[in-house]
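All remarks here apply to the structure that follows.
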Amino acid sequence: MKIAIIGTGYVGLPTGVGLAELGNDVVCIDRELSKIERLKAGHITLFEEGLEELFNKNLHEGRITFTTSMKEGIEKADIVIIAVGTPPHPVTKEADMKYIHAAATELADYLQDYTVIATKSTVPVGTGDDIECLISKRNPNANFDVISLPEFLREGFAVYDFFNPDRIIVGANSKRAISIISELYAPFDDKTEILFVSRRSSETIKYASNSFLAIKIHYINEMANFCEKAGADIREVAAGMGLDTRIGNKFLNAGPGYGGSCFPKDTNAMAYMGRQNDINLSLVEAAIQGNHQRKKEMAHKIINAIKVNKAKPRIAALGLAFKGGTDDCRESPAVEIIEELLNLNADVIAYDPKALNNVKDLLGDKIEYANSAYDAMCGADILVILTEWDEFKLLDLDKVKSLLKHNIIIDLRNVLSAEDVVKADLQYLGIGYQV
Ligand code: NAD
């Protein structure tokens with residue numbers, strides 16, 4: 001099938017590459033010229049495990065192309081997938097629809113034969129109706145259907161998740177669109193449930209799912225606080241809870257709070273939609289508030305652990321991405337905690353295996369950057385682990401001890417074995433249990 005994807009970011013690019021790998025003819029459109037030029041020249045623009053190989057293969061075999069021209073992409077497409085950003089509005093925190101509205105208006109001019117317009121971006125309930133109106137107003141002769149096709153990929157696992165989705169949700173009110181989308185997803189028929197629902201239900205499923213996961217994280221973090229005080233161990237408590245299939249064992253890792261480009265913005269957008277509809281979404285509101293507070297608590301936990309009375313402690317911070325396996329630093333807890341540490345008068349030297357370039361755009365010269373985990377520790381007072389990269393699990397603890405001035409490791413992701421750290425004669429502070 002011929003597919004155009006508008007927006008070539010963390011969702012659009014892996015989706016485009018995945019659909020090309022399945023044999024479709026894919027055109028990725030983005031308004032950012034430098035991004036398109038890099039992609040055309042064979043340079044990948046974001047890090048995702050396994051993406052670069054598939055991208056190169058499909059580029060060379062001619063199944064995926066890149067352009068800034070809507071005309072080029074849309075005219076021949078059977079399906080147009082919208083995957084532009086829906087960032088939080090700076091004041092109200094509702095989903096800002098300016099990119100969606102711009103994309104819908106721009107594509108309208110080039111629709112020719114019947115086309116399915118599928119919204120993959122996370123959009124407020126009723127957006128499908130708005131897109132339909134915008135396109136019809138702009139191009140009254142256009143023959144199209146708008147469907148909702150929410151994306152559930154996890155950053156860091158985008159390629160795996162594309163080929164192995166838990167479920168595919170299609171929100172469509174038209175039989176013709178359902179038949180075309182069924183053909184697109186035919187390769188998944190025998191292994192993945194494809195659930196067809198109304199467009200508004202589909203739009204709601206995405207927000208309801210992300211809000212639920214955010215609440216689950218907030219809950220386990222509150223339980224971790226309880227365990228620290230009550231002498232229990234959150235790792236054991238989570239393992240016990242996770243054996244209950246009604247609860248499930250995922251998303252029970254206590255840590256520094258949720259972040260990334262989705263949960264913070266989607267919970268805020270959900271809360272906003274609740275208020276607009278006079279519905280009390282108290283759990284969502286509590287998760288937002290608690291998660292915000294969590295970053296401050298973590299910074300204080302770090303500062304309080306530095307027992308030396310030092311005016312400007314130097315902290316080695318490992319991990320900057322919002323989670324391991326990605327270079328994405330949007331709303332990263334690591335970044336927020338570092339900003340809080342700077343407010344508390346600390347010096348920070350940071351390292352991340354993939355996210356250094358992205359974080360420089362956010363923190364600039366407010367902190368120092370190291371080329372390796374051990375470089376960061378040279379002359380630092382203490383070590384803090386902020387993101388759960390695998391390489392941090394393998395730190396040589398004797399070397400760590402030789403580099404740090406004060407022998408303290410604060411592990412906000414519980415990636416190290418507390419027993420090993422203590423054996424190496426270092427003090428250990430994790431989340432949700434006392435050593
Ligand atoms: P992103 O910022 O990485 O990419 C968006 C891209 O769209 C950018 O490259 C931008 O230049 C481009 N763009 C914006 N307006 C355009 C226009 N009019 N024409 C052409 N290109 C345009 O965003 P993302 O992380 O890929 O997220 C996209 C959407 O998917 C959001 O709604 C997000 O909530 C949702 N989503 C994201 C994830 C994730 O893990 N990142 C997962 C599920 C859903």
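The values are calculated or read from the model by the stated rules, or taken from the named source; none is laboratory data. All of these numbers come straight from a predicted model, not from anything done at the bench. Every residue, glycine as well, gets a Cβ built from its backbone with ideal geometry; the counts of neighbours run over all protein chains shown. These accessible areas exclude ligands, DNA and RNA; they are computed on the full protein's heavy atoms, side chains included. Shrake-Rupley method; radii C 1.70, N 1.55, O 1.52, S 1.80 Å.
Numerical summary
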quantity	calculated
Condition broken by Lys310, with the remaining ones in (1) out of contact with any helix residue (DSSP H, G or I) (no Cβ under 7 Å at 6 or more places or on another chain); (2) in a helix (DSSP H, G or I); (3) basic (Lys, Arg) satisfied	(2)
Lone qualifier among Tyr207, Tyr219 - being under 30 Å from Ile3 (Cβ atoms) and either buried (at least 17 other Cβ atoms within 10 Å of the Cβ) or at pLDDT below 95 (or both)	Tyr207
Yes/no for Ala316 being modelled with pLDDT of 95 or more, assigned to a helix (DSSP H, G or I), open to solvent by less than 30 Å² (accessible area, probe 1.4 Å) and of a type in the set (Gly, Ala, Ser)	no
Matching entry among Ser202, Ser148 (being buried (at least 21 other Cβ atoms within 10 Å of the Cβ), outside the structural domain of Thr86 (by TED's automatic domain parsing) and within 16 Å of the ligand (Cβ to nearest atom))	Ser202
Hey, His300 touching a Pro at 6+ places or on another chain (Cβ under 9 Å) and open to solvent by 50 Å² or more (accessible area, probe 1.4 Å) or not	no
Condition met for Pro124 (more than 13 Å from the ligand (Cβ to nearest atom) and within 29 Å of Thr267 (Cα to Cα))	no
Qualifying residue in the stretch 346-357 (condition: more than 26 Å from Asn407 (Cβ to Cβ) and in contact with a helix residue (DSSP H, G or I) (Cβ under 9 Å, 6 or more places away or on another chain))	yes
Condition broken by Phe212, with the remaining ones in (1) open to solvent by 70 Å² or more (accessible area, probe 1.4 Å); (2) more than 27 Å from Ala239 (Cα to Cα) satisfied	(2)
Tally, over the stretch 397-435, of residues that are open to solvent by 20 Å² or more (accessible area, probe 1.4 Å) and more than 24 Å from Lys323 (Cβ to Cβ)	15
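Matching residues to (1) of a type in the set (Asp, Glu); (2) open to solvent by 40 Å² or more (accessible area, probe 1.4 Å); (3) modelled with pLDDT of 95 or more:
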| residue | (1), (2), (3) |
| --- | --- |
| Ser332 | no, no, yes |
| Tyr351 | no, no, yes |
| Asn358 | no, yes, yes |
| Lys366 | no, yes, yes |
| Ala370 | no, no, yes |
| Leu386 | no, no, yes |
| Glu391 | yes, yes, yes |
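Each row is one residue, and each column tells you yes or no for (1) crowded, with 24+ Cβ neighbours inside 10 Å; (2) within 16 Å of the ligand (Cβ to nearest atom); (3) under 21 Å from Arg413 (Cβ atoms); (4) not assigned by TED's automatic domain parsing to the domain that holds Ile410.
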position	(1), (2), (3), (4)
Ile234	yes, no, yes, yes
Val237	no, no, yes, yes
Gly240	no, no, yes, yes
Asp244	no, no, no, yes
Gly255	yes, no, yes, yes
Ser261	no, yes, yes, yes
